[in-house]
Amino acid sequence: MNANPTVRSRNRRGEGALLRAELVEAASRLLEELDGQEALSMRAVARAVGIAPQSAYLHFADRRELLTAVYALRFTELHAALLAARDSAPEDDPAQQLSAICHAYADYGVHHPGHYRVLFGTAGTPGWEPTDAQLPGLPTFRLLVDTAAACDSPDPTATASCLWAALHGLITLRQDRPSFPWPPLETLIRTLVDAHLAAAH
């Protein structure tokens, strides 16, 4: 009998992609529990999946490459959540759509703090450059820009940038200063969106 119940049997041929996905998900779960991505180790991720550490290196060269995979996966997840929120608002009311996107963004940051740290608390992917069209986060930012443009913002990129920065501030400050008497998040986001839309006209 195997004395270590966490050790898994060897993958059958063709299951390498499945193991890679399991490693990414395990890293994501650990990030929810650890104090920042610096605390994540390849050994801990391998242990969570039930494989030897050297087996994890067959799929990811190092911890940064693993974090990059989590980064790409979670941006896809965040984008889907924001898109669903936008589509749930009335099609003929872009201001409501923008508000829905902002609420969904804040909800993601509040309820997935570990994932949020990976997305916005690290330097990004290796070789990261602001103008790189392949950045995983650009479609998500473009969704915010396009919705701001639908609200007749004269500079939708500036409006989207300010909203993103303000939302990030709300999320991180509420996490870092929980004892502060914060107004309800709903109130803060409504005030934020209304102020930016008013300033844009």
* Please specify each residue of segment 143-201 satisfying the condition of being assigned to a helix (DSSP H, G or I), farther than 13 Å from residue 102 by Cα and open to solvent by 80 Å² or more (accessible area, probe 1.4 Å). => 146, 173, 176, 199
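Tell me, which residue of segment 53-71 that is of a type in the set (A, V, I, L, M, F, W, C) and open to solvent by less than 40 Å² (accessible area, probe 1.4 Å) is nearest to residue 19 (Cα to Cα)?
Taking segment 53-71 and keeping what is of a type in the set (A, V, I, L, M, F, W, C), we get 56, 58, 60-61, 66-67, 69-70.
Pick out the ones that are also open to solvent by less than 40 Å² (accessible area, probe 1.4 Å) and you get 56, 60, 66-67, 69-70.
On the way: 56: 9, 60: 11, 66: 13, 67: 15, 69: 13, 70: 14 Å.
Out of the qualifying residues, it is 56.
Residue-by-condition table, conditions (1) modelled with pLDDT under 95; (2) within 21 Å of residue 117 (Cβ to Cβ); (3) over 18 Å from the mean Cα position of the chain (by Cα):
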residue: 134; (1), (2), (3): yes, no, no
residue: 137; (1), (2), (3): yes, yes, no
residue: 140; (1), (2), (3): yes, yes, no
residue: 143; (1), (2), (3): no, no, no
residue: 147; (1), (2), (3): no, no, yes
residue: 155; (1), (2), (3): yes, no, yes
residue: 166; (1), (2), (3): no, yes, no
residue: 172; (1), (2), (3): yes, yes, no
residue: 181; (1), (2), (3): no, no, yes
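Restricting the search to segment 55-100, which residues are of a type in the set (S, T, N, Q) and under 24 Å from residue 186 (Cα atoms)?
Correct list: 88, 96, 97, 99.
Quick one: in segment 82-93, of everything that is open to solvent by 40 Å² or more (accessible area, probe 1.4 Å) and among the small types (Gly, Ala, Ser), which residue is farthest from residue 121 (Cα to Cα)? Reasoning before the result, please.
Within segment 82-93, the first condition is being open to solvent by 40 Å² or more (accessible area, probe 1.4 Å), and the residues that meet it are 83-84, 86-88, 90-93.
Next, from what is left, pick out any that are among the small types (Gly, Ala, Ser): 84, 88.
Working: 84: 24, 88: 29 Å.
Filtering segment 82-93 for residues that are open to solvent by 40 Å² or more (accessible area, probe 1.4 Å) and among the small types (Gly, Ala, Ser), the one farthest from residue 121 (Cα to Cα) comes out as 88.
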* To do: Evaluate the following for residue 98: is it surrounded by 13 or more Cβ atoms within 10 Å (Cβ to Cβ), modelled with pLDDT under 95 and among the aliphatic types (A, V, I, L, M)?
  => no
* Taking only pairs six or more apart or across chains, which ones have beta-carbon atoms under 7 Å, a first residue in segment 79-99 that is farther than 18 Å from residue 159 by Cβ, and a second residue that is open to solvent by less than 40 Å² (accessible area, probe 1.4 Å)? -> 79/140; 79/143; 81/104; 81/108; 83/143; 88/100
* Asked: Which condition does residue 123 not pass, out of (1) small (Gly, Ala, Ser); (2) open to solvent by 40 Å² or more (accessible area, probe 1.4 Å); (3) modelled with pLDDT of 95 or more, if it passes all the others?
  -> (3)
* Members of segment 23-35 that are assigned to a helix (DSSP H, G or I) and open to solvent by 60 Å² or more (accessible area, probe 1.4 Å) -> 25, 29, 32, 33
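Examine segment 84-92 for a residue that is among the acidic types (Asp, Glu) and in a helix (DSSP H, G or I), and state whether such a residue exists.
So in segment 84-92, the residues among the acidic types (Asp, Glu) come out as 87, 91-92.
If we keep only those that are in a helix (DSSP H, G or I) too, we end up with 87.
Looking for residues that are among the acidic types (Asp, Glu) and in a helix (DSSP H, G or I), one finds at least one in segment 84-92, hence yes.
The values are calculated or read from the model by the stated rules, or taken from the named source; none is laboratory data. All figures in this text were calculated on a predicted structure; none of them were measured in a lab. So basically every Cβ, Gly included, is an ideal-geometry build from the backbone, and we count neighbours across all protein chains shown. For the accessible areas, the whole protein counts, side chains as well, though only heavy atoms, and no ligand, DNA or RNA atoms are used. Shrake-Rupley method; radii C 1.70, N 1.55, O 1.52, S 1.80 Å.
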